[in-house]
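Here, each number is a calculation from the coordinates, and none is a lab measurement. Just so we're clear, the structure is a prediction, and the values are computed from it rather than from any experiment. Because the Cβ atoms are built from the backbone with ideal geometry, glycine has one as well, and the counts that use them run over all protein chains shown.
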Amino acid sequence: MSRLELTRIPGIKTALRSRWPQLVLRVIALAGFALAIVAGISGTPVGSRNFAIVFVWIGWWALLMLVAVPLFGRGWCSICPIPMPGEWLQQGSLLKPQGKGLGLGWRWPNKLRNIWLQNGAFVLVALFSTVILTSPLTSALVLAAFLVVAVAASLVFERRAFCRYLCPVGGFIGLYSQVAPLELRVKDSSVCAAHTEKTCYQGSAEGYGCPWQVFPPGLVKNTYCGTCMECLRTCPHDNLTINLRPFGADLEKPSGRKLDEAFKAFIMLGSAMIYSAVMLGPWGFLKNAAYNIGSLQWLVYAAAFLTFIFLALPGLFYAAVALGQALSSNNAQVVRVRQRRPFSTHRQAFIAFAYSLVPLGLAAWIAFSLSFVLANLSYLWPVISDPLGWGWDLLRTAQAPWTPYLSGVTPILQAGVLLVGLLWAARTALRTPAAPGARPVEPRQQVIQALPVILFCSAVSFGLLGLLVA
Amino acid sequence: MLKRLRSRLANGGWKWGIFSILMLLILISPVPAFSAPPADRHIKINASSFEYDPGVIRVNPGDRVTLELSSTDVTHGIAIDGYNLQVTAEPGQNQSLTFVADQQGTYRLRCSVTCGALHPFMIGKLHVGPNTLLLKSILIATLGLAVMIWTGTRQ
């Protein structure tokens, strides 16, 4: 597939290799993050008047889900302020490597080198999200907890263990970054093979070894590359680049497919469906059940939530995949095609086909966010003037009225996004590559094995259309 | 350029061409006229605890609709997406909003007064006639999937 090396464009490589633009953006983000914590703790308890709620869950969320993730993948991670304090302590420096930092520098345990902890952290936040999204104090405490855990992780473990293995937000950004049209890759792998120092991973005087614990020459997908640009700075052969590529290029690669990532896709898709019903539906009992933590209704809600994302959705999907495998095997026998099956087990097929849910899940989150964000974006203007809700009017916008934006066309936008997501998911299912080492199947057999998965995706999409548009 | 176009058409691109034309036809096709004559509709809505009761309202296109809003806890409001209309009611003081439902489709009702923690999620629905957007979306999706599968079997 065609790629355009963006770092060939004058100015881009210089800007990316320089630490200053990134530092400036990160410091601004850190200031906003700190203000959100202060506002949440000491500001008004009215969510729609508090910077912690409005700026984080409306402003930042809109930027993240509608722009950053679909277009820049892990672009947000490259300027995220949460790991900054811990990283500064760990490295003993704000910019280039110079001093000796603090910390034990332990290796992250091998058994936890996956995203199951991130999956768990996201589900934990999701179960309490109705309160986190509406209570400034709770929101501030959660943000502060992220910061504390990130600092602790930096002081105990090497590199950015928090970002790579713990951050609940980073987990889904990584999953959906496979869709983005940007990637960081090596230009020529033979140059890396001949380069014995491997400064991109080990670090040099010019920069740090990959903070995300990724070996850049082995990068085949975006999921774990935090686009921090350290490898661009440390490679003495100028062998790394940022490419512009077709959307979703990572989804057609057979390697690197894992069960933890597959479950991340179910968790995200299921959460988008549940949120659409709870937050954007007309059912008050659901909202109150999700909000009243500790009550019997909440326990039922939590149990239903967990059952849906961990059992119902994956179970139905597994059945669809198994049916597709059975049908395609039968078909291969009927037409007397002698060939190895593309997947040796249903589990392998389940993992491989789960990546069809990546574009569908991203579309579901964009469609959900469109309604939520556009209806509430106008709360930003009063909050900019009065971030703590103390009656200030810094920019003369404190009295700006609540105005839902584009409310007449939001359903059309949502329907369009969901349609694109469904067709993209179907395309991904149809192009799901056979397991590494297996012989590719015939096109007809490929279609037959993908059909039940496409039906599953259609049912989910029509359900989301029903929740968001009907 | 011509060569590339010819090769794309030979590779099944014409099916997507037909899909695009059909999709356009579905999008611009007029909605079947609704037979029920316009009527006056008076609908009482009670707002309390982040919920409207009833939460879903159905009217016919052209109906003259009066929403009578009451509240039983704090001040609530109703803003209707797409219609740019709103009304607020304090507890015990019902307020009405009258309008002609001249835009077909499904619209969200949102609380327009900050009423508590779950205020941003206090939502109802107004259905004006059948939801053609939903029907058209499902039709286009089905067509698109059919073309994709058809193209896939003949790769």
Report task. Tell me what chain B gives for mean residue ellipticity at 222 nm when only DSSP H runs of n ≥ 4 count, each as -39,500 (n - 2.57), the sum divided by the residue total, rounded to 500 deg cm²/dmol. Result -> -9000 deg cm²/dmol
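Viscosity 0.692 mPa s, temperature 37 °C: give me the Stokes-Einstein translational D for chain B in µm²/s, with Rh taken as the Kirkwood radius over C-alpha pairs.
Estimated diffusion coefficient is 177 µm²/s.
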Query - lysines whose Cα lies under 20 Å from that of A:Lys111, excluding same-chain neighbours fewer than 8 positions away - result: A:Lys258, A:Lys264
**Report entry** region B:40-129 shape via C-alpha gyration tensor axes, a/c threshold 1.5
**Finding:** prolate
Query raised in the report: Counting only other chains, what is the mean number of Cβ atoms within 10 angstrom of the Cβ of each residue in peptide B:116-129?
Result: 6
Requested in this report: Please give the FRET efficiency for B:Thr72 paired with A:Leu296, using the beta carbon to beta carbon distance and R0 = 22 Å, rounded to the nearest 0.05.
Outcome: 0.40
Query raised in the report: Just in region A:153-217: which chymotrypsin sites (Phe, Trp or Tyr not before Pro) are loop by DSSP and have at most 14 other Cβ atoms within 10 Å?
Result: none
Query raised in the report: Hey, which lysines would be in cross-link range of A:Lys198, C-alpha to C-alpha under 19 Å, not counting anything within fewer than 8 residues on its own chain?
Result: A:Lys96, A:Lys187
Query raised in the report: Just the projected area, averaged over all directions, of the convex hull on the alpha carbon atoms of the protein assembly as shown: how many nm²?
Result: 32.0
**Report entry** Only Lys, Arg (+1) and Asp, Glu (-1) charged, at Cβ; region B:40-129 dipole about Cα centre in debye
**Finding:** 180
Query raised in the report: Looking at the P(r) of region A:1-138, how many percent of alpha-carbon pairs lie beyond 22 Å?
Result: 57
Query raised in the report: Can you tell which of A:Ala363, A:Gly105, A:Ser378 lies farthest toward the positive end of the dipole of chain A, using +1 and -1 charges on the Cβ of basic and acidic side chains (Lys, Arg; Asp, Glu)?
Result: A:Gly105
Requested in this report: For region B:77-88, just list the computed ³J(HN,Hα) in residue order, Karplus coefficients 6.51, -1.76 and 1.60, θ = phi - 60°, integers in Hz, with x standing in for Gly and Pro.
Outcome: x, 10, 10, 9, 3, x, 9, 6, 10, 8, 8, 10
Requested in this report: Considering the options A:Val420, A:Ala400, A:Gly256, tell which one lies farthest towards the positive end of the dipole of chain A, charges being +1 on Lys and Arg and -1 on Asp and Glu at the Cβ, about the Cα centre.
Outcome: A:Gly256
Query raised in the report: Toward the positive end of the charge dipole of region B:40-129, about the Cα centre and with charges on Cβ (Lys, Arg +1; Asp, Glu -1), which of B:Gly105, B:Gln95, B:Leu69 goes farthest?
Result: B:Gly105
Query raised in the report: For chain B, modelled as a Gaussian network with Cα springs under 10 Å, which listed residue fluctuates most, B:Ala47, B:Ala79, B:Ala36?
Result: B:Ala36
Requested in this report: Under 4.7 Å Cβ to Cβ, no partner at all: give me those cysteines from chain A, in residue order.
Outcome: A:Cys77, A:Cys80, A:Cys163, A:Cys167, A:Cys192, A:Cys210, A:Cys225, A:Cys228, A:Cys235, A:Cys457
Query raised in the report: Given the rule -39500 (n - 2.57) for each run of at least 4 DSSP H residues, summed and divided by the residues of chain A, what is its mean residue ellipticity at 222 nm, to the nearest 500 deg cm²/dmol?
Result: -16500 deg cm²/dmol
Report task. Note down the nm distance, to one decimal, between modelled labels 7 Å out along Cα→Cβ at B:Arg64 and at A:Val46. Result -> 3.7
Report summary line: Excluding residues fewer than 8 positions from B:Lys44 in its own chain, the lysines with Cα under 19 Å of it are B:Lys125
Report task. Over the whole of B:108-115, what's the average partner chain Cβ count within 10 Å per residue? Rounded to a whole number, please. Result -> 4
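Shielding of A:277-284 by partners, i.e. mean partner chain Cβ atoms within 10 Å per residue?
So the per-residue partner count for this stretch is 6.
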Report task. Scan region A:230-277 for chymotrypsin sites (Phe, Trp or Tyr not before Pro) in coil per DSSP, keeping those whose Cβ has at most 16 other Cβ atoms within 10 Å, and list them by number. Result -> A:Phe247
